[in-house]
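> This structure is in structure tokens; I'll ask about it shortly.
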Amino acid sequence: MDAVLSTVVLGAGQAGLSTAHHLARLGLSPGRDLLVLDADTAPGGAWQHRWDTLTMADVHGIATLPDQALPSFTDDQPANVVVPAYFADYERRYRLAVRRPVRVDRVEPAGPLLRVRAGEQAWLTRTLVNATGTWQRPFIPVYPGAAGFRGRQLHTHDYRGPGDFAGQHVVVVGGGASAVQLLAELSAVASTTWVTRRPPVWRDADFTPEAGRAAVALVEERVRQGLPPASVVSVTGLALRAQEQGARERGVYVREPMFARLTPTGVAWPDGREQRADAVLWATGFRPDVTHLAPLHLRSAAGGIQLDGTTAVRDPRVQLVGYGPSASTIGANRAGRAAAVAVLARLRQAAA
């Protein structure tokens, strides 16, 4: 008979490492009771894939893991180098037994256990923590004419920096923080048009810890009801940082409503206006990477995975972190501890 693990954590980003650390502190032995599977070839979670011009000035401590501060850095160092190195050191220091690259295909019931499958490999476990995040599921909406556009289309998932767009006109689609940041750096080398579905909501007050907790609570309420999770950022509003003030002064943040279609040479609005474009950058967010959980039938009739805290209501053997309120770095560490406590409670219940 195959060895049975106490828990398997899927994903070694911030939420996954936080959970694994708390599980080890609560008594699970990494490599024996606890296994972390990660699809990437190297440590760093989604941070290793971020664009090269995202610097530590943009991070502001939000990538910090429990019980180990970020190392010293300068604001101009690239986040996709500093943060992955920090995550790698964290895995080594706490001996978290991360196995990679392992991309899980499906998680299925196996009587009282769960079977985790990745190609020809499989593991049996009593509980599961899903921390696969959203990075592997970039969302690009379908718009008429997209296939005929002769310019370049890309998502923030594939964006590496502004250099490739020098002298071009770029239409940036999206109303989130990434769109605001990318407009700032693109507009230094190219002309831009900003397009959003809804008028942006600007935040005037400082983003305090209390405001962050309130934003997380709003998303938590959605997942308690089984609704598809909203982004935490979508309820916090937008704010311009010091590095974006120059773009504001250049008039970059003048928003246009969503266009109706793409043309071979740009985009067109319902009123007949057209804008020539060399590229369309879709800063339209991501969706939860949870298709491998489909055999467990966790989704509610409302279309989301209903959670009680981090516990899947339809199968309490499963915890979700990096989903809904903890998809943002605001809630990742708190969710990791909550999931670890819930796993231990489930294991004690099963053993009773």
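The values are calculated or read from the model by the stated rules, or taken from the named source; none is laboratory data. None of the values given here were measured: they were computed from a predicted structure. Cβ atoms come from the backbone with ideal geometry, glycine included; neighbour counts cover every protein chain shown.
> Please find, among Leu17, Leu65, Leu34, Leu5, the residue that is closer than 29 Å to Tyr159 by Cα and touching a Ser or Thr at 6+ places or on another chain (Cβ under 7 Å).
Exactly one of Leu17, Leu65, Leu34, Leu5 is closer than 29 Å to Tyr159 by Cα and touching a Ser or Thr at 6+ places or on another chain (Cβ under 7 Å), namely Leu65.
> Is it fair to say Pro325 is modelled with pLDDT of 95 or more, at negative phi and either surrounded by fewer than 20 Cβ atoms within 10 Å (Cβ to Cβ) or not aromatic (Phe, Trp, Tyr) (or both)?
No, not satisfied.
> Within the set of pairs 6 or more residues apart or between chains, which connect a residue that is of a type in the set (Phe, Trp, Tyr) inside the range 68-90 to a residue that is in a loop (DSSP other than H, G, I, E, B) with Cβ atoms less than 7 Å apart?
Tyr86/Leu70; Tyr86/Pro71; Phe87/Pro43; Phe87/Gly44
> To continue, here is another question. Would you please name the residue that is surrounded by the fewest Cβ atoms within 10 Å (Cβ to Cβ), looking only at residues in the range 118-137 that are over 19 Å from the mean Cα position of the chain (by Cα) and over 22 Å from Leu347 (Cβ atoms)?
Within the range 118-137, the match that is surrounded by the fewest Cβ atoms within 10 Å (Cβ to Cβ) is Glu120.
> Determine which single condition Ala57 fails, assuming it passes every other condition in (1) under 21 Å from Arg337 (Cα atoms); (2) surrounded by 15 or more Cβ atoms within 10 Å (Cβ to Cβ).
Looking at each condition in turn, Ala57 falls short on (1).
> On to the next question. Take the residues in the range 266-288 that are surrounded by fewer than 18 Cβ atoms within 10 Å (Cβ to Cβ) and among the small types (Gly, Ala, Ser), then tell me which one is farthest from the chain's Cα centre (by Cα).
Of everything passing the filter in the range 266-288, Gly272 is farthest from the chain's Cα centre (by Cα).
> Of all residues in the range 99-133, how many are in a loop (DSSP other than H, G, I, E, B) and either in contact with a strand residue (DSSP E or B) (Cβ under 7 Å, 6 or more places away or on another chain) or under 22 Å from Asp40 (Cα atoms) (or both)?
Final tally of qualifying residues: 11.
> Mind listing just one residue for me: the one in the range 9-27 that is aliphatic (A, V, I, L, M) and surrounded by fewer than 22 Cβ atoms within 10 Å (Cβ to Cβ) and, of those, nearest to the chain's Cα centre (by Cα)?
Ala24
> Suppose we filter Ala110, Ala20, Ala15, Ala69 for residues that are closer than 20 Å to Arg346 by Cβ and at pLDDT below 95; which single one remains?
Going through Ala110, Ala20, Ala15, Ala69 in turn, just one is closer than 20 Å to Arg346 by Cβ and at pLDDT below 95: Ala15.
> Go through (1) closer than 21 Å to Ala332 by Cα; (2) over 21 Å from the mean Cα position of the chain (by Cα); (3) assigned to a helix (DSSP H, G or I) and name the single condition His157 misses.
(2)
> Of everything in the range 74-98, what is within 19 Å of Gly13 (Cα to Cα), assigned to a loop (DSSP other than H, G, I, E, B) and more than 23 Å from the chain's Cα centre (by Cα)? Give them in sequence order.
The answer is Tyr94, Arg95.
> For Ala88, which of the numbered conditions (1) touching a Lys or Arg at 6+ places or on another chain (Cβ under 7 Å); (2) under 26 Å from Trp123 (Cβ atoms) fails to hold?
All conditions are met except number (1).
> Further question: Determine whether Arg126 is under 22 Å from Leu296 (Cβ atoms), in contact with a His (Cβ under 8 Å, 6 or more places away or on another chain), assigned by TED's automatic domain parsing to the domain that holds Val313 and basic (Lys, Arg).
No.
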